[in-house]
Amino acid sequence: MLNENIKAIRKSKGLSQQELAVKLNVVRQTVSKWEQGLSVPDSDMLISISEALETPVSTLLGETVAELKVDDLKAISEKLEIINLQLAQRKTTRRKVLHWLLISLCVVIVIIFAVLAVWNSPYLSWDYSDPETAVVGVGFHALEWLFVRAAPIIFVVAIGGIFLTRENRK
């Protein structure tokens, strides 16, 4: 059966034994032996033959390939539609979560700025002669310094993100 299929498919593609042999990097006599049933190609060569003849291996081996029926196509399209809807829902949910996280980040930044303004850096009046107090004071000062410089940039980026992730109402 394999020999007959190779021969029939080769002829239907308009290829000679020599042309198929060149595509497969074998001699013409090898193709002839396959078609006469005197030898059988190994699995790697069978894959190469299927590629050269643009035919599935199952067809070469003579398996009947069941055609998809209209009902099968309809079921597949319905499943794909459900998957697409689920993916769209997941994307919308992620966008909403990101949107609210960015809003929360902006609120936290504003609250921290308000606390820092009210707090008015009390650590600056501490007695830094004690080493532990000095370390804590320097730590507070470093955190405040970093926050005051980084927070406006983060705030502006978050505001931009809020506008990019908002719902598009038509």
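Read-outs throughout are calculated quantities, based only on the coordinates presented, and are distinct from any laboratory measurement. Because the structure is predicted, anything quoted here is derived from the model rather than measured. All Cβ positions, glycine included, derive from the backbone under ideal geometry; neighbour counts span all protein chains shown.
Of the GluC sites (Glu not before Pro) found in region 13-56, those in coil by DSSP whose Cβ has at most 12 other Cβ atoms within 10 Å are Glu54. Dividing the summed helix terms, -39500 (n - 2.57) for each DSSP H run of n ≥ 4, by the number of residues in the chain produces a 222 nm estimate of -25500 deg cm²/dmol to the nearest 500. For log10 I(q)/I(0) by the Debye sum over Cα atoms at q = 0.11, 0.13, 0.18 Å⁻¹, computed directly from the structure shown, the correct entry in (i) -0.66, -0.76, -1.07; (ii) -0.71, -0.83, -1.07; (iii) -0.54, -0.72, -1.17 is (ii). The slack in the chain from Glu78 to Asn3, taken as 0.36 nm per residue of separation less the alpha-carbon distance, amounts to 22.9 nm. Within the chain, count lysine pairs with alpha carbon atoms under 16 angstrom apart where the residues are 8 or more positions apart or belong to different chains. Total qualifying Lys-Lys pairs in the chain comes to 6.
Membrane-span-like helices in the chain (whole DSSP H runs, Cα extent of at least 24 Å along the helix axis, mean Kyte-Doolittle hydropathy of at least 0.5): 70-119, 131-165.
Taking a ≥ b ≥ c as the square roots of the eigenvalues of the alpha carbon gyration tensor, region 2-60 is rounded, as a/c is under 1.5.
Relative contact order for the chain using alpha-carbon pairs under 8 Å, separation at least 6, rounded to a whole percent?
Value for the chain: 19 percent.
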